[in-house]
Amino acid sequence: MKFPPFVHSFPAPAVLIGCGTINHPNIITCSWFGTVCSEPPMVSVSVRKPRFSYHLIHETREFTANLPLRSQIDIIEYCGTKSGRDVDKFKKLGLTAVPCPPLENAPMIAECFLVLACKVTQTLELGSHDIFIAEVVSIHGDEKAILPNGRPDPCPSEQVVYLNGKYWSLTEIQDRVYQK
């Protein structure tokens, strides 16, 4: 059987995108987020033009990618269903917007365990969404989350993904490391 083209049937990380400024911060939950390059480290996030956050990212040319934990599912859902035009999400949720050096504007969420500071290098206009491609200029996180190789631990068992209109958690299939 042949099906029509559709991309919503693949899991995508639920990430809290911090945008705006420290004085006027905003958060949007995005599941269309991912790695696009390793050298330099770059990510992308897709946002619809009508979204309040789109204009904030477009104006400042920066955002933070805040990785929430499973225990923060209420924050993930709220920020994905409420507009920053209508509500101050930081205030409503009791979250703390803090500077994210070296970014000049975009706030990070102090309550998130790992944050990527991102500077937009390109915007691709596609269709329903535009893609912001950004260089990761720094990573902020808990000192306890450093792996032996010096990289931050992304805590995969605590991350949340979005799939077919629902949020899911990740669990390890087996304790193996790919050997080249």
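Things worth noting here:
- When each of I133, I109 is tested for being over 28 Å from K92 (Cα atoms), among the aliphatic types (A, V, I, L, M) and modelled with pLDDT of 90 or more, the lone residue that passes is I133.
- Selection count where residues are crowded, with 18+ Cβ neighbours inside 10 Å and at pLDDT 95 or above, scope the stretch 22-32: 6
- Whichever residue in the stretch 101-125 is in a loop (DSSP other than H, G, I, E, B) and touching a residue at least 40 places away in the same chain (Cβ under 8 Å) and, among such residues, is surrounded by the most Cβ atoms within 10 Å (Cβ to Cβ): A106
- Leading residue by the ranking (farthest from the chain's Cα centre (by Cα)) among those in the stretch 47-71 that are surrounded by fewer than 18 Cβ atoms within 10 Å (Cβ to Cβ) and outside any loop (DSSP other than H, G, I, E, B): E59
- Hits in the stretch 139-160 (condition: assigned to a strand (DSSP E or B) and surrounded by fewer than 16 Cβ atoms within 10 Å (Cβ to Cβ)): I139, I146
- Matching entry among V87, V136, V98 (being among the aliphatic types (A, V, I, L, M) and within 19 Å of V36 (Cα to Cα)): V136
- Only one of the numbered conditions (1) farther than 22 Å from A14 by Cβ; (2) modelled with pLDDT under 90 is not met by K119, and that is (2).
- Residues considered: A106, A134. Of these, the only one that is in contact with a Ser or Thr (Cβ under 8 Å, 6 or more places away or on another chain) and closer than 21 Å to N23 by Cβ is A106.
The values are calculated or read from the model by the stated rules, or taken from the named source; none is laboratory data. Since the model is a prediction, treat every value here as computed from it, not as a measurement. Backbone-built Cβ (ideal geometry, glycine too); neighbour counts: all protein chains shown.
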